[in-house]
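Participant: What follows is a structure written as structure tokens; I'll ask about it next.
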Amino acid sequence: NEVLGDLIKLTKHQITNQYLRGLVFQLYENNGVVKRNEIDKIVKLIPPEERKKLWGMGIKIGRYHIYLPRMLKPKAVEFRIGLWKIFYSLSDTYKIPKSGLNFLTKEKLNKKFLLLCGFEQFKEFFVRIDILEKLFLKIIENTKDKKFKINAEMMNLLGCSKENFYKLMNYMNYKKDKAVDTYVFKGEKRKKEKILQFDKKENPFNKLLSLNIK
């Protein structure tokens with residue numbers, strides 16, 4: 001209750017809205033961190049008045065993740081990972097990144113384990129989820145006419161080299177502009193949804209008219 005309180009409390013909230021309840025369930029099942037793109041459809045169906053309840057539950061909806069900020073603190077991460085290893089009878093092969101590190105540059109790290117520790121993968125890079133959110137907000141603050149210029153404050157958040165920061169920008173779907181240290185958001189690729197077409201002569205709803213429903 002002291003260290004994992006926000007996570008445990010997710011099972012105790014009385015929630016009437018089915019979409020909010022679905023979001024909370026997914027968050028609990030995933031140890032307090034869910035990738036935004038995996039659950040965005042549910043998020044969009046939550047009414048604004050219901051969304052207001054999230055912060056009171058300790059839940060943050062970010063650009064890339066929905067998470068419990070307190071579950072990313074060192075003690076909470078260490079305790080959650082300890083329980084996780086016991087439950088799955090895992091050895092000490094999986095190592096928690098050192099406290100204070102916001103940016104990792106190893107290719108062979110297990111991305112599912114790192115997400116559990118609070119890190120998101122961008123190819124060979126891993127960035128702390130809460131720092132990633134702060135970076136996104138800094139980019140929004142400095143964006144004008146869909147362009148933003150990289151500054152020292154942004155790079156200091158991550159604690160990485162300028163070269164790696166430029167690479168990360170490309171991985172995050174930003175493209176280099178002609179101006180020095182300036183980037184533009186490319187936009188996200190969306191999968192085209194298949195549209196079902198019916199022959200008017202063979203309308204599938206016509207059969208419903210012949211059913212004798214009382």
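The values are calculated or read from the model by the stated rules, or taken from the named source; none is laboratory data. Treat the numbers as computed from the prediction; the structure is a model and nothing was measured. So basically every Cβ, Gly included, is an ideal-geometry build from the backbone, and we count neighbours across all protein chains shown. Just the protein is used for accessible areas: all its heavy atoms, side chains included, with ligands, DNA and RNA removed. Shrake-Rupley method; radii C 1.70, N 1.55, O 1.52, S 1.80 Å.
Participant: How large is the charge dipole for the chain, taken about the Cα centre, if only the Cβ atoms of Lys, Arg (+1) and Asp, Glu (-1) carry charge, to the nearest 20 debye?
Facilitator: 540 debye
Participant: How much accessible area per residue does the chain have, counting only protein heavy atoms and a probe of 1.4 Å, in square angstrom?
Facilitator: Result: 72 Å² of accessible area for each residue.
Participant: If you don't mind, there's one more thing I want to ask. Exposed loop sites here are chymotrypsin sites (Phe, Trp or Tyr not before Pro) in DSSP loop states with at most 10 other C-beta atoms within 10 Å. What is the longest stretch of the chain lacking them?
Facilitator: In short, 89-197.
Participant: Another question, if that's okay. Before rounding to the nearest 500, sum -39500 (n - 2.57) across all DSSP H runs of length at least 4 in the chain and divide by the residue total; then give [θ] at 222 nm in deg cm²/dmol.
Facilitator: -12000 deg cm²/dmol
Participant: Still on this structure, please answer the following. Under a point-charge model restricted to the Cβ atoms of Lys and Arg (+1) and Asp and Glu (-1), what is the dipole moment magnitude of the stretch 4-76 relative to its Cα centre, in debye to the nearest 20?
Facilitator: The calculated dipole for the stretch 4-76 is roughly 220 debye.
Participant: Between the DSSP loop rule and a limit of at most 13 other Cβ atoms within 10 Å, which trypsin sites (Lys or Arg not before Pro) in the stretch 1-44 are left?
Facilitator: Loop-located and lightly packed - Lys12.
Participant: Take the residue pairs Lys106/Lys175; Lys52/Lys112; Lys35/Lys85; Lys41/Lys186; Lys98/Lys123; Lys53/Lys134 and return only those whose Cα atoms are more than 25 Å apart.
Facilitator: Lys52/Lys112
Participant: Note down the net charge around Gly5, summing +1 for each Lys or Arg and -1 for each Asp or Glu among other residues with Cβ under 11 Å from its Cβ.
Facilitator: Summing Lys and Arg as +1 and Asp and Glu as -1 gives +1.
Participant: Another question, if that's okay. Please compute the net charge surrounding Glu50, taking Lys and Arg as +1 and Asp and Glu as -1 over other residues with Cβ under 15 Å from its Cβ.
Facilitator: +4
Participant: Further question on the same structure: Give the angle, between 0 and 90 degrees and rounded to the nearest 10, that separates the Cα long axis of helix 36-45 from the longest principal axis of the Cα atoms of the chain.
Facilitator: Once rounded, the angle reads 40 degrees.
Participant: Which percent of the accessible heavy-atom area of the chain goes to carbon and sulfur, probe 1.4 angstrom?
Facilitator: Carbon-and-sulfur percentage of accessible area, whole number: 52.
Participant: Let me check I've understood the local charge: for Lys95, count other residues with C-beta under 14 angstrom from its C-beta, Lys and Arg +1, Asp and Glu -1. What total comes out?
Facilitator: Summing Lys and Arg as +1 and Asp and Glu as -1 gives +2.
Participant: Within the stretch 82-132, list the GluC sites (Glu not before Pro) lying in a DSSP loop whose Cβ has at most 16 other Cβ atoms in a 10 Å radius.
Facilitator: Glu107, Glu124
Participant: Still on this model: Compute the relative contact order of the stretch 1-93 as a whole-number percentage, counting only Cα pairs closer than 8 Å that sit 6 or more residues apart in sequence.
Facilitator: 31 percent
Participant: Could you run the Karplus curve 6.51 cos²θ - 1.76 cosθ + 1.60 with θ = phi - 60° over the stretch 144-157 and give me ³J(HN,Hα) per residue in whole Hz, x for Gly and Pro?
Facilitator: Values per residue, Gly and Pro as x: 9, 6, 6, 10, 9, 10, 5, 10, 4, 4, 5, 5, 5, 4 Hz.
Participant: Residue by residue, what Karplus-based ³J(HN,Hα) values in Hz, rounded to whole numbers, does the stretch 128-133 have, using 6.51, -1.76 and 1.60 with θ = phi - 60° and x for Gly and Pro?
Facilitator: Those phi angles translate into 4, 4, 5, 6, 4, 5 Hz.
Participant: A follow-up question, please. Using +1 at the C-beta of Lys and Arg and -1 at the C-beta of Asp and Glu, which of Tyr183, Ser99, Phe87 has the Cα lying farthest in the positive direction of the dipole of the chain?
Facilitator: Value: Tyr183.
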